[in-house]
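Participant: Just dropping this structure here.
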């Protein structure tokens, strides 16, 4: 790996911006961060030209892009998705599944391993996120109802035994067997996430205590205040606000959540407890029009319009077509977030949520050399993954 020095940039840290900064990369790691242009022998020098140098974006929830979906179970599709998102500043991502046939999911585990070994020109794969099929039918959104069910111990134990790559699993905590499921996930180092759920606070609290410490695509496909026999109950949304330690992720595309809700999440949960995710499906990076959510073989037909994917009857969103640079920009423009907080929600916060904050998520000597250079409008100029230049904008 070549030695790289990036100079004449504004370095974005979790707390401030260092003007005229310099970063040195050696052996795929950050070896120095300085407020001055330090001399480095035998290094490739990159002039940031006064642009921002920030930690690479980490996407904990992405289904596809560039015309591909991870559920197509094609290694070349994985690589195309990784390359597309790297062009938009993502240096690490979690391939995410959908509710599917059992064999399709097992096949996905195998393809992930193949693609992971081949991935040298895109965002790194940092583990699989299994989304479903243990969901509430009432809050299924665009998840295929054919596959939705309560947790089946023999099934999830087989899946987990097949792969050590699974790092996160989204499910509805109110389902029968969900608490035992969460305990098993935690025993195996997998993060249980609350998703597609109709739970009330009285169900969320014990689930949180069993390990459900994170809320998947917050506000989307989850319960708010509801009435049962004339009495009001707090839902998952209110529970996430009440439980200070619970983390959330938001699709800040400006469509799934409008500006007032983006502001509310930032105000109550804060940048340290909030991660930006794209939830991008195959149409990310593609023109509007018909598309497919899930695998080409048996996925759902959807329509992409108004900068979002929708079910054909337009009754629900079917995933976003956003990229991480758009989310960072939106948090600043729509939610009045500072640059530091917007970048933190796209880097250090997701890194901490998934347990890799010791090596990724901020520009600190000793951490992985995953970084991006962007201008005032968050247009990506350069993406570097583990010290390798993955993308350079042609001017």
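Yes or no, residue by residue, for (1) in the same structural domain as residue 232 (by TED's automatic domain parsing); (2) crowded, with 18+ Cβ neighbours inside 10 Å; (3) at pLDDT below 95; (4) over 30 Å from residue 311 (Cβ atoms):
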{"residue": "138", "(1), (2), (3), (4)": "yes, no, yes, no"}
{"residue": "168", "(1), (2), (3), (4)": "yes, yes, no, no"}
{"residue": "174", "(1), (2), (3), (4)": "yes, yes, no, no"}
{"residue": "183", "(1), (2), (3), (4)": "yes, no, no, yes"}
{"residue": "206", "(1), (2), (3), (4)": "yes, no, no, yes"}
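Participant: Another question about this same structure. Listed residues 20, 9; which is outside the structural domain of residue 323 (by TED's automatic domain parsing), part of a strand (DSSP E or B) and free of Cβ contacts under 8 Å to residues at least 24 places away in the same chain?
Facilitator: The match here is 20.
Participant: Okay, next question. Being under 23 Å from residue 255 (Cβ atoms), surrounded by fewer than 22 Cβ atoms within 10 Å (Cβ to Cβ) and touching a helix residue (DSSP H, G or I) at 6+ places or on another chain (Cβ under 6 Å): is that true of residue 345 here?
Facilitator: no
Participant: Identify all residues within region 251-265 that are out of contact with any helix residue (DSSP H, G or I) (no Cβ under 6 Å at 6 or more places or on another chain), within 27 Å of residue 362 (Cα to Cα) and part of a loop (DSSP other than H, G, I, E, B); write none if there are none.
Facilitator: Our first condition is that a residue be out of contact with any helix residue (DSSP H, G or I) (no Cβ under 6 Å at 6 or more places or on another chain); within region 251-265, this holds for 251, 253, 255-258, 260-261, 263-265.
Then drop every residue that is not within 27 Å of residue 362 (Cα to Cα), which leaves 251, 253, 257, 261, 263-265.
251, 253, 257 - these are the residues of region 251-265 that are out of contact with any helix residue (DSSP H, G or I) (no Cβ under 6 Å at 6 or more places or on another chain), within 27 Å of residue 362 (Cα to Cα) and part of a loop (DSSP other than H, G, I, E, B).
Participant: Looking only at residues that are more than 19 Å from the chain's Cα centre (by Cα) and surrounded by 15 or more Cβ atoms within 10 Å (Cβ to Cβ) in region 84-105, which one is nearest to residue 369 (Cα to Cα)?
Facilitator: Within region 84-105, the match that is nearest to residue 369 (Cα to Cα) is 105.
Participant: Given the residues 302, 248, which is the only one that is part of a strand (DSSP E or B), modelled with pLDDT under 95 and buried (at least 20 other Cβ atoms within 10 Å of the Cβ)? Don't jump to the end; show me each part of the working.
Facilitator: Working: 248 fails: modelled with pLDDT under 95.
Answer to the selection: 302.
Participant: If we scan region 362-370, do we find a residue that is over 12 Å from residue 55 (Cα atoms), surrounded by fewer than 16 Cβ atoms within 10 Å (Cβ to Cβ), out of contact with any strand residue (DSSP E or B) (no Cβ under 9 Å at 6 or more places or on another chain) and in contact (Cβ under 8 Å) with a residue 60 or more places away in the chain?
Facilitator: no
Participant: Considering only region 308-327, I want to know if a residue exists there that is more than 15 Å from residue 143 (Cα to Cα) and modelled with pLDDT under 95.
Facilitator: Yes, some residue in region 308-327 is more than 15 Å from residue 143 (Cα to Cα) and modelled with pLDDT under 95.
Participant: Let me ask another. Please verify whether region 332-347 includes one or more residues that are modelled with pLDDT of 95 or more, more than 25 Å from residue 246 (Cβ to Cβ) and not assigned by TED's automatic domain parsing to the domain that holds residue 48. Give the steps one after another, and end with the answer.
Facilitator: In the first step, residues of region 332-347 are kept if they are modelled with pLDDT of 95 or more; the result is 332-347.
From what's left, more than 25 Å from residue 246 (Cβ to Cβ): 333, 339.
Checking which are not assigned by TED's automatic domain parsing to the domain that holds residue 48 leaves us with 333, 339.
So far as region 332-347 goes, yes, one or more of its residues are modelled with pLDDT of 95 or more, more than 25 Å from residue 246 (Cβ to Cβ) and not assigned by TED's automatic domain parsing to the domain that holds residue 48.
Participant: Go through region 266-288 and give me each residue that's surrounded by fewer than 24 Cβ atoms within 10 Å (Cβ to Cβ) and either part of a loop (DSSP other than H, G, I, E, B) or touching a strand residue (DSSP E or B) at 6+ places or on another chain (Cβ under 6 Å) (or both).
Facilitator: Hits for region 266-288 are 269, 270, 273, 285, 286, 287, 288.
Participant: How do the pairs read when you match residues in region 29-54 that are outside the structural domain of residue 375 (by TED's automatic domain parsing) and on the phi > 0 side of the Ramachandran plot with residues anywhere that are loosely packed, with under 12 Cβ neighbours inside 10 Å and not in a loop (DSSP other than H, G, I, E, B), using Cβ under 8 Å and keeping only pairs 6 or more apart or on different chains?
Facilitator: none
Participant: In this structure, is residue 154 outside any loop (DSSP other than H, G, I, E, B), at negative phi and surrounded by fewer than 19 Cβ atoms within 10 Å (Cβ to Cβ)?
Facilitator: yes
The values are calculated or read from the model by the stated rules, or taken from the named source; none is laboratory data. Computed from a predicted structure; not experimentally measured. A quick note on method: Cβ atoms are made from the backbone with ideal geometry, for glycine too, and the neighbour counts reach across all protein chains shown.
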